[in-house]
1. List, in order, the whole-Hz ³J(HN,Hα) value for each residue of the range 74-86 obtained from phi through the Karplus relation with A = 6.51, B = -1.76, C = 1.60 and θ = phi - 60°; use x for Gly and Pro.
2. Please give the peptides 221-229, 461-469 ranked by average Cβ packing (other Cβ atoms within 10 Å per residue), highest first, as a rough proxy for protection.
3. Can you give the local net charge around residue 471? Use residues other than it whose beta-carbon is closer than 14 angstrom to its beta-carbon, Lys and Arg +1, Asp and Glu -1.
4. Could you give the angle, 0 to 90 degrees to the nearest 10, between helix 204-214's Cα long axis and the longest principal axis of the Cα atoms of the chain?
5. Based on the mean of other beta carbon atoms within 10 Å per residue, what is the order of 80-89, 286-295, most packed first?
6. Where does the chain land at 222 nm, in deg cm²/dmol rounded to the nearest 500, when only DSSP H runs of n ≥ 4 count, each adding -39500 (n - 2.57), divided by all residues?
7. Could you work out how far helix 470-486 tilts from the main Cα principal axis of the chain, as a 0 to 90 degree angle to the nearest 10?
8. For the chain, find the longest principal axis of its Cα atoms and tell me its angle to the long axis of helix 261-271, 0 to 90°, nearest 10.
Amino acid sequence: MGNRRHVAERRRSGPAVIGAAFAAVVATAAGVGAYALAGGEEDGAGARTAAAERVRTGPLTPAEVTSAARRFLTAWQSGRIAAAAGATDAPGAAKALLTAYGKDARIEDVTLTPGTPAGAEVPFSVKGTVVWQDTREPLAYDSELTVVRRDGDGEPRVGWRPSVVHPDLRDGDRLVTGESGTPPVTALDRAGGKITTAEYPSLGTVLDGLRDKYGAEAGGTAGVELRVVRGERSTARKLSGKTLLELSEGTPGTVRTTLDPRLQAAAERQVAKKARASVVLTRASTGEILAVANSGHGFNTAFQGSLAPGSTMKVITASLLIDKGLASADEPHPCPKYAGYGGWKFQNDDKFSIKGGTFKASFARSCNTAFISQAPKLADDDLTRQAREVFGLSRNDWAIGVPSFDGAVPVQRDAPKAASLIGQGGVRMNPLNMASVAATVRSGAFHQPYLVAPSVDGRGLATAPRTLPAGTLAQLRELMGYTARYGTAAEAMASVPGDVGAKTGSAEVDGQQKPNGWFTAYRGDLAAAGVVRSGGHGGDTAGPIVAALLKAGG
């Protein structure tokens, strides 16, 4: 089996021991490792004294975190599934998944090594052996658990979630070892070169999606693998299955993509500079996706994220206002410090105002109240219809070749309706959506983005029922061009030559100290968008990433 390879990745440094409570790992006679513990161990819920039956409250102590984690990890490692499940706050769900870990995933000889707790969170590493008939392959990965107080009595327990067993698992997902059913694929870039995660680390989810979509028809044969098999909830979220370990290789088929190897490499370098960054670069006139990258290398936020786009949404809103004669680039337009609608009071960043300014000035400086002030003149469904009918968004009909989210612009009323005009409220987008918005402005019509050409499988691409009137389109390009050269996007776009347009955005998120930073722009026939979550202002965070790709595209 000289060609076996591991797909699992280590994501943390070597584990440490949790305090003095965890001693060295020793092996039992049955070959399954067990912790040598200091003191006794509670088996499952265990017997409680009268004092322990009192409801515990307040923050968890380090001793409680250590004890609860030790109880769970020791029981799981020694194969006492009922006891491990009883050490969680959801014994039924935990028992089912931990049982399947041995029965369906066929993982044996499990050794769990805890790391240093961070508050209530305890990282741990997992080593085991995957067994299929006469084949035995080692498996290693890192995971994490969180200790919580159980409802009812406040006892410390491991907060159950499937990702405790493996970080790629979501509710309803399973780990399964066997003949994969879906043959592997070799993905090619537009020049015919092989795409690998070794060269492009953030393309793992894209490769998984390509296999799910094209594996059965690309001409390959299946191998034996340990895979994440998605359940109903994950399937509804368009999450692809994932190979964690190959025990015997299948024969891959081939699928050609639209990715440009030089620009993809540039995108990988750019997102690596920022935590939680995502970017997409497209060809405006065709919709071809030339590059996509995420700094997290996990969930594909660039294609599947569902985030408030902040002021980048003002591109769509501006087109609506101009269409309806409620704004014109060079005409006076109000930008007060505050604007109220639906019982909410809205303000501008740093509470600025523009006196005697034009709509172009308000757009370039990203004045919220210039848009909120027009809410009373708009029907509840106006923004939704503009997004769907002109920009091809929020219709759930894109077919790019891998799972993607097409954006959401729901019909809203009162204060949420006003918030939607500035990319908050119920509006949700990702960099793919916002790159498409910039591309629609640049090319003059919506072209559905795609990663795999429709000629590969004969699928149809989504279309938009109408285009912007010539006058609206000219003004929208004027607004974005002015913003790129003299507005909030000017610093990021300063070194990008040619015919350019841009819009910045910052989106507030509940419970998040800094807003998500957004940026969408075009240069010539290239259009791009990016987001840096918790990054702050889009011009400072996502802007340099997008600008660098537009410049690299030459």
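1. So the Karplus estimates, Gly and Pro as x, are 5, 5, 4, 4, 7, x, 8, 5, 4, 5, 5, 5, x Hz.
2. Going from most to least packed, we get 221-229, 461-469.
3. That sum, taken over residues with Cβ under 14 Å, equals -2.
4. Roughly 90 degrees between the two axes.
5. Descending packing order for the listed peptides: 286-295, 80-89.
6. -7500 deg cm²/dmol
7. For helix 470-486, the angle is close to 70 degrees.
8. Helix 261-271 sits roughly 80 degrees off the main axis of the chain.
Where a number appears in this text, it was derived from the coordinates with a stated rule and is not lab data. A quick note: this is a predicted structure, and the numbers were derived from the prediction, not measured. When we count neighbours, we look across all protein chains shown, and the Cβ atoms used for this are built from the backbone with ideal geometry, even at glycine.
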